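Beneath this line is the structure, given in structure tokens, with notes to follow.
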Amino acid sequence: MSIMEYNGSAVVAMAGKNCVAIAADKRLGQRALTVDTNFQKVFPITDRTYIGLPGLATDVKTLHDRFRLRVNIYRQREERVIEPKTFSNLVSHMLYEHRFGPYFVEPVIAGLDKNNEPFICGMDLIGCPNYAEDFIVSGTASDNLFGMCESLWEPNLGPEELFETISQSLLNAVDRDAMSGWGAVVHIITPDGVITRDLKGRMD
């Protein structure tokens with residue numbers, strides 16, 4: 001088993017019309033053993049930018065703290081809030097700095113820019129970015145998520161439609177992956193604010 005699959009995870013981001021959603025499962029495991037059923041994998045960076053960190057749990061905690069530090073330094077120096085595209089470049093640069101001893105995390109970034117345009121981006125563990133206009137998936141359930149998202153996603157979804165689409169995609173994908181699941185959390189980022197909802201999933 002790859003070290004990327006050791007703790008299990010499923011993270012997905014989807015773009016809508018002037019809104020974006022990011023969701024993750026809640027399971028933390030040690031291979032097939034479930035350790036925690038409420039493990040946070042999606043973190044707010046700003047009011048309009050979120051990052052999902054699937055991968056090794058220790059590196060998830062470490063990277064979240066380092067990203068928070070870098071974003072605070074940026075805000076002090078630039079006297080403005082970091083944009084999602086700028087933040088994705090910061091994340092990519094930080095991961096590539098450690099390419100010879102990488103963090104075992106494949107980040108997913110979702111946010112709205114200053115024009116309320118959705119931005120989603122995924123990366124591998126050394127920071128190679130993958131920009132998309134529809135959806136980004138990562139984690140042990142990524143193969144299942146690709147199939148579900150390709151089936152359900154449509155352009156120009158509103159916030160409620162986007163919530164339903166991303167929720168159904170994630171819940172049905174983790175039902176077919178033994179390493180992830182135990183419910184999920186969904187964040188819908190709109191120009192008016194962020195809507196956060198918890199989902200109940202199968203507990204087996």
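The values are calculated or read from the model by the stated rules, or taken from the named source; none is laboratory data. Quantities reported herein were computed from a predicted structural model and do not represent experimental measurements. FYI the Cβ positions are ideal-geometry reconstructions off the backbone, even for glycines, and counts take in every protein chain you see. When the accessible area is computed, the model is the full protein with side chains, heavy atoms only, and any ligands, DNA or RNA have been set aside. Shrake-Rupley method; radii C 1.70, N 1.55, O 1.52, S 1.80 Å.
Data overview
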| read-out | value |
| --- | --- |
| Kirkwood Rh, Cα atoms: Rg over Rh of region 85-157 | 1.01 |
| Dipole magnitude of region 1-158 about its Cα centre (Cβ charges: Lys, Arg +1; Asp, Glu -1), debye to nearest 20 | 560 debye |
| Restricting region 73-163 to trypsin sites (Lys or Arg not before Pro) in coil, as DSSP defines it, with at most 13 other Cβ within 10 Å | Arg80, Arg99, Lys114 |
| Simple label model, 7 Å out from Cα along Cβ direction - Glu78 to Glu160, nm | 3.6 nm |
| Highest-fluctuation residue, Tyr103, Tyr74, Tyr131 considered, GNM on the chain with Cα pairs under 10 Å | Tyr74 |
| Surrounding net charge for Ile73, when Lys and Arg each add one and Asp and Glu each subtract one, Cβ distance under 14 Å | +3 |
| Close Lys-Lys pairs in the chain, where close means Cα under 13 Å and separation is 8 or more or interchain | 4 |
| Leu171, Leu53, reordered so the largest accessible area comes first (probe 1.4 Å) | Leu171, Leu53 |
| Computed FRET value (nearest 0.05) for Ser2 with Asp192, which takes r as the C-beta separation and R₀ as 30 Å | 0.15 |
| Rounded if a/c under 1.5, otherwise prolate or oblate - region 1-99, Cα gyration tensor axes | prolate |
| Charge context of Ile120, other residues only, Cβ under 9 angstrom, K/R +1, D/E -1 | -2 |
| Net charge of Cβ neighbours under 12 Å - reference Ala10; Lys, Arg +1; Asp, Glu -1 | -2 |
| For Phe119, solvent-accessible area (1.4 Å; no DNA, RNA or ligand), Å² | 30 Å² |
| Backbone N within region 102-138 under 16 Å of label point (7 Å from Asp65 Cα along the Cβ vector) | 103-104 |
| Neighbour cut-off at most 11 other Cβ (10 Å), DSSP loop, GluC sites (Glu not before Pro), region 25-133 | Glu79, Glu133 |
| By accessible area with a 1.4 Å probe, ligands and nucleic acids excluded, highest first: order of Ile73, Ile166 | Ile73, Ile166 |
| Point-to-point label distance, Asn116-Ala178, nm (Cα→Cβ direction, 7 Å offset) | 4.7 nm |
| Gyration tensor verdict on the chain (Cα atoms; rounded if a/c is under 1.5, prolate if a/b is larger than b/c, oblate otherwise) | oblate |
